[in-house]
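Before any comments, here is the structure.
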Amino acid sequence: MLYSLCSVDGVSGDERSASEVALSMLKNYTDDCSIDDFGNVTGHIVNTGNKPKLLLDAHIDRVGLIVSFIDDNGFIKVGAVGGPDRRVLAAQSVTIHGKEKIKGVVSVLPPHVKSGDGVPKIEELVIDTGYTKQELESRIELGDRITFDCEPTAMLGTRYCAGALDDRCGVASILVALEILKGKELAFDLDVSFTTQEETGERGAKIAVYDLDPDYLLEMDVSFAKTPDSDRAKCADMSKGVMIGIAPSLSRELSNSLISLAKTEKIPYQLEVMGGETGTNADTMSVNKSGAKACTLSIPLKFMHTPAEIIDTEDVISTAKLIAAFAKKGGAANG
Amino acid sequence: MAELFDIIKKLCNADGTSGDEGDVTKLILSMLPSDCDTKIDPLGNIIVNKKGAKTPKNKVMLAAHQDEVGFIMTYITDDGNLKFTTVGGINPEVVIGRQLHFKNGTVGIVGGKAIHQQSPKERDNPVKLDTLTIDIGASSKAEAEKYVSLGDCAYFRSDYTELGNGYLREKALDDRIGCAIMIDMLNSELPYDVTCVFTVQEEIGTRGAKVAAYTVKPDYAIVLETTTACDFAGNDGEKRVCELGKGCVVSYMDRGTIYDRELYHLGFEKAKEIGAPCQTKTLVAGGNDSGAIHTSVGGIRTVALSVPCRYLHSPSCMIKKSDVTSTARLAYAMYLALAEK
């Protein structure tokens with residue numbers, strides 16, 4: 001599932017191919033699902049009309065680049081879509097998603113001649129495809145999206161490396177939860193959304209949530225797993241379970257019921273405490289119409305917004321289990 | 001020539017950094033014809049003598065290096081991350097964010113804290129090599145030690161890709177191209193006896209070539225290499241160094257060698273004669289096995305013929321296929337010319 005989800009492009013604003021993969025997976029759980037004009041995938045899983053509405057959301061877009069100029073020699077200049085990590089782009093292999101898929105390289109001076117220092121700004125990046133301007137113009141156009149190449153790969157144990165795990169692993173956690181919930185009695189009417197343009201300002205979520213109008217929201221996104229150079233206090237541990245969010249912008253009541261559910265169901269979890277908003281779709285979705293009670297369930301991820309992100313699939317499973325436990329038993333919803 | 005690119009593809013798929021060339025050596029040996037006299041010296045150089053139709057006036061040696069740049073593991077942290085140093089010159093900017101692999105199949109990622117957690121200064125300053133670690137997915141030192149030992153080497157992922165109109169992208173084009181040209185040549189009938197040397201440890205100081213040249217004691221040496229091309233947007237004039245598509249690079253000087261003037265001119269003459277495009281470098285940079293060879297055994301007259309290559313010492317070396325063909329043709333013409341000279 002992760003392989004299929006992470007092998008498609010779907011940079012913000014051009015998510016169609018990723019949305020279609022996610023929609024085909026969602027169809028295993030409901031026929032009442034579709035892709036809207038903005039690329040958002042939405043589906044109604046349970047709709048009795050007399051229970052509170054729970055929405056499960058994850059974003060479907062990924063960070064990348066966008067073609068902004070082709071020079072006379074066929075070298076491509078780009079803009080950033082979302083916040084890709086500039087430090088890691090030198091000599092990176094990329095794919096340009098035009099009329100054809102074109103392979104290229106981010107140019108870099110070799111050590112033999114390199115003298116200057118400093119990480120290039122996005123507007124200084126040059127992409128080399130081996131085509132002339134004329135050859136390129138029949139294949140791609142300005143505005144085409146560019147992804148960083150990374151073959152999804154299993155690592156030691158249950159760890160997994162791919163591009164776009166932010167947030168395709170959140171999408172996966174929802175699909176796994178739906179599998180667990182198949183045929184079960186739920187405490188809610190249940191909707192699902194895989195929303196677009198999160199990386200460029202949670203725009204798809206704002207549009208999708210309007211009609212879905214949930215009472216409760218669980219937002220599945222990724223968060224920072226500890227790396228050797230990061231601040232211990234700002235990171236979770238990989239492989240130690242789902243991160244339950246606590247923040248002024250989230251419902252503490254919901255956070256607390258998820259914590260107690262995780263304890264009683266013996267689901268490994270960690271806390272992620274944030275000082276204001278969460279930087280996820282929960283910020284937008286919880287202030288839709290009259291508002292919704294929201295909580296984030298985050299999957300620890302290393303090397304966010306680089307071509308090769310890492311997660312532990314066990315953390316996706318614990319996230320799915322907690323979603324499923326909450327959907328079945330309620331918690332805050334049924335007191 | 002289709003076969004030449006097939007050889008390049010196979011060679012690039014092998015992993016062999018300096019001092020760890022074994023797999024590449026085995027592969028090269030498997031591609032040599034049975035009519036060659038082949039030996040491996042104490043450092044690991046493959047020295048191949050092949051009889052031609054005639055004994056030449058001068059003994060000609062061709063040389064290309066087997067090794068590629070890579071990484072060697074130096075320490076495993078308590079939480080299972082691997083510290084490493086580079087084997088050969090690799091800028092850290094092309095290392096961070098990369099997927100690397102070990103010969104036993106273990107995959108590692110070089111990464112750091114998320115962009116969201118970097119200070120503005122951290123975002124703008126290139127990473128330092130000694131702060132980077134490789135994450136193989138291990139949670140502890142003990143777990144990591146099951147898969148990786150100190151001294152093990154890691155490699156950029158091989159990804160032989162045809163790019164654009166007649167270009168190639170691969171990690172180890174430097175210098176498996178040179179090796180492939182020699183293998184291709186050794187598999188054909190030759191007019192004169194020749195010695196081909198597949199050297200080791202070029203990337204850490206042209207160490208293999210030094211001893212191989214002593215053993216072979218040729219009258220003339222032809223070094224087949226790849227060389228820095230910077231002909232991409234942002235570099236003008238002499239900073240482009242040399243250009244893809246403009247043929248074989250014949251050098252007059254680099255950091256290791258001031259080349260024999262007569263042979264330099266002969267290179268251009270022969271290129272003209274056979275109708276192969278040819279160019280030189282507009283910047284004195286880089287170096288290759290010529291540095292060690294031309295000062296061996298009391299001095300050996302040496303010429304370097306190189307394929308211009310963008311993004312050297314990165315996972316994405318890029319060349320134009322027509323330049324490989326020109327270089328192979330010029331190498332053959334020079335071998336004939338020097339044998340008879």
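Where a number appears in this text, it was derived from the coordinates with a stated rule and is not lab data. It should be emphasised that the depicted structure is a prediction, and the values quoted were computed from it without experimental measurement. Heads up, the Cβs are rebuilt from the backbone with ideal geometry, glycines too, and the neighbour counts pull from every protein chain shown.
Overview of values
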item	result
Test item: B:88-95 mean partner chain Cβ contacts at 10 Å	5
Mean separation of Cα contacts under 8 Å, 6 or more apart, over the residue count of chain A: relative contact order %	23
Gaussian network model of chain B, Cα within-10 Å springs - most flexible of B:GLY108, B:GLY97, B:GLY16	B:GLY97
Partner chain coverage, peptide A:292-302 - average Cβ within 10 angstrom	1
The protein assembly as shown - share of DSSP beta bridges that are antiparallel (%, nearest 5)	60
Gyration tensor verdict on segment B:109-204 (Cα atoms; rounded if a/c is under 1.5, prolate if a/b is larger than b/c, oblate otherwise)	prolate
Positive-pole candidate from A:ALA294, A:TYR3, A:LEU142, dipole of the protein assembly as shown, charges at beta carbon	A:TYR3
Cα-based shape type of segment A:193-313, given that a ≥ b ≥ c are square roots of the gyration tensor eigenvalues and the cut on a/c is 1.5	oblate
Cα long-axis angle, helix B:2-13 against chain B (0 to 90 degrees, to the nearest 10)	40
Whole-angstrom gap from segment B:28-94 to segment B:296-341, using each part's C-alpha centre	16
DSSP-defined beta bridges in chain A - what % are antiparallel, rounded to 5	60
Per-selection metrics, the protein assembly as shown (Cα): Rg and Dmax in Å	28.6, 98
Unit charges on C-beta of K, R, D, E only; dipole of chain A, Debye	960
Residues of type lysines that B:LYS246 reaches as a straight line, Cα spacing below 19 Å, ignoring anything fewer than 8 places off in the same chain	A:LYS133, B:LYS270, B:LYS272, B:LYS281, B:LYS320, B:LYS321
Residue with peak Gaussian network fluctuation, chain B [Cα springs, cutoff 10 Å], from B:LEU100, B:LEU168, B:LEU27	B:LEU27
The protein assembly as shown - charge dipole about Cα centre, Lys and Arg +1 at Cβ, Asp and Glu -1, debye rounded to 20	1200
Segment B:190-257 and segment A:1-31: distance between their alpha carbon centers, rounded to Å	48
Centre separation in Å (Cα based) which lies between segment A:78-125 and segment B:141-160	26
Compactness index (Cα Rg / 2.2 N^0.38 Å), chain A	1.02
Nearest 10 degrees, 0 to 90: helix B:173-186 Cα axis against chain B principal axis	30
Charge dipole (segment A:1-86, unit charges on Cβ, about Cα centre) - positive-most of A:HIS59, A:GLY39, A:ALA80	A:HIS59
Max mean-square fluctuation residue, GNM over chain A, Cα-Cα springs under 10 Å, options A:LYS77, A:LYS234, A:LYS302	A:LYS234
Shape of chain B, Cα gyration tensor, a/c cut at 1.5	prolate
Lysine pair number, Cα distance threshold 16 Å (strictly under), segment A:245-335, separation 8 or more or different chains	7
Amide H within-cut-off set for B:PHE84, under 5 Å, with H built and near neighbours excluded	B:THR74
Shape metrics for segment A:64-148, restricted to C-alpha atoms - Rg then Dmax, Å	12.5, 38
Computed magnitude of the charge dipole of segment A:175-219 (debye, nearest 20; Cβ of K, R +1, Cβ of D, E -1)	120
Whole-number percent relative contact order across segment B:1-99, with pairs defined as alpha carbons under 8 Å at least 6 apart	23
Positive-end extreme of charge dipole, segment A:191-265 - chosen from A:ASN256, A:GLY204, A:LEU218 (charges on Cβ)	A:ASN256
18 Å Cα cut-off, lysine pairs counted over segment B:70-156 (separation 8 or more, or different chains)	8
Loop trypsin sites (Lys or Arg not before Pro), segment A:149-220, which have at most 15 other Cβ atoms in a 10 Å radius of their Cβ (DSSP)	A:LYS182, A:LYS184
Between 0 and 90°, nearest 10: helix A:313-329 axis offset from chain A longest Cα axis	30
Along principal axes, Cα extents of segment B:70-156, largest first, whole Å	38, 28, 18
Contact order normalised by residue count of chain B, Cα under 8 Å, 6+ apart, percent	23
